[in-house]
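The values are calculated or read from the model by the stated rules, or taken from the named source; none is laboratory data. These figures come from a predicted structure and were not determined experimentally. Using ideal geometry, Cβ is built from the backbone for each residue, glycine included, and neighbour counts are taken over all protein chains shown. Ligands, DNA and RNA are stripped out before the accessible areas are found, and what is left, the full protein with its side chains, is counted by its heavy atoms. Shrake-Rupley method; radii C 1.70, N 1.55, O 1.52, S 1.80 Å.
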Amino acid sequence: MYDFLLHFHSGWRWVLLVLLFMALYTNFTGWRSGRVRNAGDAKTNLNLMAGAHLQGIVGLWMYFLSPKVQWHASTMKDPVLRFFAVEHLLTMVIALVLITIGYVRCKRATVDRNGFRLAFWYFLVAALLLLAGIPWPFREALGAEWF
Ligand code: HEM
């Protein structure tokens with residue numbers, strides 16, 4: 001089960017990044033053009049939020065299965081243990097909360113242009129957090145894969 005979750009979690013990262021950049025593009029161009037929001041825009045934002053929540057659920061499940069998550073006296077002193085026990089969890093939870101707030105505020109906005117603008121900025125900060133919090137393989141000590 002752990003192996004399946006790990007590969008799913010690792011691979012879904014790419015799907016989520018694609019959904020995120022599609023939503024950033026859609027909301028930025030919607031905001032700048034001042035056009036009316038349509039069903040496709042709502043679907044793009046919903047796909048992003050659903051994809052993010054799925055990654056979060058799988059991540060939280062793995063948090064209790066992964067040998068890389070260890071809580072003991074030296075967890076905070078060890079950069080790899082601290083990353084998976086604290087840093088990855090925190091950056092990802094904050095990013096997922098921002099995506100959710102961005103989705104809700106866009107949906108509730110009475111002026112379409114404001115909805116696009118709000119979603120764009122929430123999703124942009126979330127994107128920066130995701131990119132910073134992903135254990136990329138070039139951070140060799142973390143021992144993560146590209147897929
Ligand atoms: C609440 C949210 C999340 C939690 C609790 C979480 C938890 C974890 C845990 C425990 C691991 C280590 C697994 C292991 O190697 O044993 C991990 C690895 C990883 N996580 Fe997350 N994660 C979350 C969200 C995300 C998100 C949103 C992304 C990316 C968009 C992401 C991308 C990754 C990647 C790429 C790995 C490395 C997988 C590998 O070794 O190939 N995680 N995550």
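Using 0.36 nm per residue, how much length does the chain from Lys77 to Glu145 gain when fully extended, once their Cα-Cα distance is taken away?
Once the chain is fully extended between Lys77 and Glu145, it gains 22.1 nm.
Angle, helix 39-63 long axis vs. longest principal axis of the chain, Cα atoms, 0 to 90°, nearest 10?
The answer is roughly 10 degrees.
Give me the 1.4 Å probe accessible area per residue for the chain, excluding ligands and nucleic acids, in Å².
I get 57 Å² per residue for this part.
How large is ³J(HN,Hα), in whole Hz, for each residue of the stretch 11-20 in order, when computed from phi with the Karplus curve 6.51 cos²θ - 1.76 cosθ + 1.60 and θ = phi - 60°, using x for Gly and Pro?
x, 5, 3, 6, 4, 5, 5, 5, 4, 5
For the stretch 123-140, what does the Karplus curve 6.51 cos²θ - 1.76 cosθ + 1.60, with θ = phi - 60°, yield as ³J(HN,Hα) per residue in whole Hz, taken in order and with x for Gly and Pro?
These are the phi-based 3J(HN,Hα) values: 5, 5, 4, 4, 4, 5, 5, 4, 5, 6, x, 6, x, 5, x, 6, 8, 3 Hz.
Using the alpha-carbon atoms, what tilt in degrees (0 to 90, nearest 10) does helix 88-108 show relative to the longest principal axis of the chain?
10
Sticking with the crude label model, points 7 Å out along Cα→Cβ, report the distance from Val18 to Lys43 in nm, one decimal please.
Using points 7 Å along Cα→Cβ, the separation is 1.6 nm.
Relative contact order for the stretch 2-142: what is it in percent, counting Cα pairs under 8 Å that are at least 6 residues apart?
The value is 30 percent.
So who's got an amide H within less than 5 Å of the one on Ile134, skipping anything under 5 residues away but keeping other chains? H placed 1.01 Å off N, in plane.
Correct list: empty.
How far is the Cα center of the stretch 110-135 from the Cα center of the stretch 1-75, in Å?
If you average the Cα positions of each part, the centres end up 12 Å apart.
What is the gain in length, in nm to one decimal, between Asn114 and His7 on full extension, counting 0.36 nm per residue of separation less the C-alpha to C-alpha distance?
Gain on extension, Asn114 to His7, equals 34.7 nm.
Quick one: Cα convex hull volume of the stretch 3-147, Å³ per residue? Spell out each step's value before the answer.
Details: hull volume 14.8 nm³, N = 145.
It comes to 102 Å³ per residue, whole-number rounded.
Leaving ligands, DNA and RNA out of it, report the carbon-plus-sulfur percent of the accessible area of the chain at a 1.4 Å probe.
C and S atoms contribute 72 percent here.
State to the nearest 20 debye the size of the charge dipole of the chain about its Cα centre, where the only charges are +1 on K and R beta carbons and -1 on D and E beta carbons.
Its charge dipole is roughly 700 debye.
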